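All remarks here apply to the structure that follows.
The values are calculated or read from the model by the stated rules, or taken from the named source; none is laboratory data. Note that the structure is predicted; figures quoted are calculated from it, not measured. Because the Cβ atoms are built from the backbone with ideal geometry, glycine has one as well, and the counts that use them run over all protein chains shown. Note: accessible area is taken over every heavy atom of the protein model, side chains too, but ligands, DNA and RNA are not part of it. Shrake-Rupley method; radii C 1.70, N 1.55, O 1.52, S 1.80 Å.
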Amino acid sequence: MPENTTTRIEAEVNGAPISAEVEASTLLLDFLREELLLTGAKRSCEVQVCGSCTVLVDGGPVSSCCYLAADIDGRSVVTIEGVRDEPGFEPYERAFIDHAAVQCGFCIPGMILTTKSLADEGELPRDEEGLRDALSGNVCRCTGYRAIIDAVGDIAKAVQR
Ligand code: FES
Ligand code: FES
């Protein structure tokens with residue numbers, strides 16, 4: 001008899017309760033994309049370096065490519081789909097548009113969620129060096145970062161007192 005390796009999880013994803021049976025080895029990124037059809041988090045490096053798969057678990061950013069779906073049991077998960085329609089999202093969207101900070105867009109969900117988690121804690125730096133450091137776990141292959149740093153600087157001014 002093969003050993004049963006599935007486990008039941010009860011969690012909150014983007015504000016809604018979910019209950020699911022997952023394999024012990026299922027990655028959160030795969031669970032979100034394939035089971036819940038939340039495709040905002042992207043797969044790239046798969047080794048917790050690029051940040052394109054970033055989602056928030058209990059408010060903090062995690063690399064969902066290296067995080068087990070089973071470990072969200074009892075926790076709250078937020079993806080880019082969960083924040084884009086929130087009233088407080090407008091300054092994030094506006095800043096990235098104003099600075100033309102998006103090219104292919106692949107990195108942007110992770111950039112925004114990392115930014116949002118820091119802003120929600122009132123810890124988003126306002127100076128360029130601090131911003132570059134804060135976003136060092138989010139890699140962009142297109143923009144050269146200048147526009148992204150300027151956009152996130154605007155967000156820091158807009159959403160933090
Ligand atoms: S795909 Fe997860 S950190 Fe790069
Ligand atoms: S906009 Fe293309 S990877 Fe960042």
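Figures for the structure shown
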item: Whichever residue in region 8-61 is without any contact (Cβ under 8 Å) to a residue 12 or more places away in the chain and away from ligand 1 (no atom under 14 Å from the Cβ) and, among such residues, is surrounded by the most Cβ atoms within 10 Å (Cβ to Cβ); result: Glu34
item: Val139 vs. criteria outside the structural domain of Thr39 (by TED's automatic domain parsing), in contact with a Cys (Cβ under 7 Å, 6 or more places away or on another chain), in a loop (DSSP other than H, G, I, E, B) and open to solvent by 50 Å² or more (accessible area, probe 1.4 Å); result: yes
item: Residue tally, condition outside any helix (DSSP H, G or I) and more than 16 Å from ligand 2 (Cβ to nearest atom), over region 104-136; result: 7
item: Residue in region 142-152 that is open to solvent by 80 Å² or more (accessible area, probe 1.4 Å), away from ligand 2 (no atom under 13 Å from the Cβ) and in contact (Cβ under 8 Å) with a residue 12 or more places away in the chain present; result: no
item: Matching residues, region 69-122, being in contact with a Cys (Cβ under 6 Å, 6 or more places away or on another chain) and closer than 14 Å to Val55 by Cα; result: Cys107
item: Residue list for region 95-134, filter: touching a Leu at 6+ places or on another chain (Cβ under 9 Å) and buried (at least 18 other Cβ atoms within 10 Å of the Cβ); result: Met111, Leu113, Thr114, Thr115, Lys116, Ser117, Leu118, Leu124, Leu131, Ala134
item: Test result for Phe89, without any contact (Cβ under 8 Å) to a residue 12 or more places away in the chain and either open to solvent by less than 40 Å² (accessible area, probe 1.4 Å) or within 16 Å of ligand 2 (Cβ to nearest atom) (or both); result: yes
item: Qualifying residue in region 144-157 (condition: within 28 Å of Glu34 (Cβ to Cβ) and either hydrophobic (A, V, I, L, M, F, W, C) or not in a helix (DSSP H, G or I) (or both)); result: no
item: Filtered residue count, region 13-63, keeping only those that are farther than 19 Å from Leu118 by Cβ and of a type in the set (Gly, Ala, Ser); result: 7
